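Step one of this worksheet: look at the structure below.
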Amino acid sequence: MKFEIINPSDPYTMEADDLQIAAVAVCLLGDGKYAAKGIDGDTGQDVPIFLFGGVDEWFTEKFGMDYGETASHTLNSRNDALARAFESVTLGRTERSSITDIGGRAQAIAKAIREKAAAVAQEEGGCDA
């Protein structure tokens, strides 16, 4: 699914496996200050801005868990899909016009998720890559 990241700076898009991944990603990326709008046939798959609250109610309605539970579940059980969503964040023009580096932040979050997953796998006796 492809999403436009609604934010006050530059135009960015993101690809996510589903609405849950997109919702957690956009909330982590913008601390509730960004929204996501489904595009390319994924219309109606939108994540609102949570500047004035309502995050727990929206997540519970959509996913049966509040934001904290959904984010925790996603980070623990779907970390690869979440990291891929962050890695897919793309600027819609050749140069950033804002000092806010949404793409850079997305890449840093993806890296942190992958490092955490590798550390957990190592602790659990996983194979070295």
In region 19-50, anything assigned to a loop (DSSP other than H, G, I, E, B) and in contact with a Lys or Arg (Cβ under 9 Å, 6 or more places away or on another chain) is listed as 40, 41, 42, 43, 45, 46, 49, 50
Answer yes or no: is there a residue in region 45-58 that is in contact with a strand residue (DSSP E or B) (Cβ under 8 Å, 6 or more places away or on another chain), under 18 Å from residue 4 (Cα atoms), of a type in the set (S, T, N, Q) and buried (at least 17 other Cβ atoms within 10 Å of the Cβ). yes
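Is it the case that some residue within region 91-99 is charged (D, E, K, R), at pLDDT 95 or above and closer than 26 Å to residue 9 by Cβ?
Going through region 91-99, the residues charged (D, E, K, R) turn out to be 93, 95-96.
Going one step further and asking which of them are at pLDDT 95 or above, we end up with none.
Within region 91-99, none of the residues are charged (D, E, K, R), at pLDDT 95 or above and closer than 26 Å to residue 9 by Cβ.
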Search result, residues across region 64-98 that are surrounded by 16 or more Cβ atoms within 10 Å (Cβ to Cβ), part of a loop (DSSP other than H, G, I, E, B) and without any contact (Cβ under 8 Å) to a residue 24 or more places away in the chain: 65
Which members of region 1-13 meet the condition of being surrounded by fewer than 21 Cβ atoms within 10 Å (Cβ to Cβ) and among the aliphatic types (A, V, I, L, M)? 1, 6
Let me confirm something: among 22, 16, which residue is surrounded by 19 or more Cβ atoms within 10 Å (Cβ to Cβ) and farther than 16 Å from residue 105 by Cα? 16
Test for residue 108: is it out of contact with any Cys (no Cβ under 8 Å at 6 or more places or on another chain), over 17 Å from residue 16 (Cβ atoms) and not acidic (Asp, Glu): yes
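The values are calculated or read from the model by the stated rules, or taken from the named source; none is laboratory data. These figures come from a predicted structure and were not determined experimentally. For neighbour counting, all protein chains shown are included, and Cβ atoms are generated from backbone atoms with ideal geometry for every residue, glycine included.
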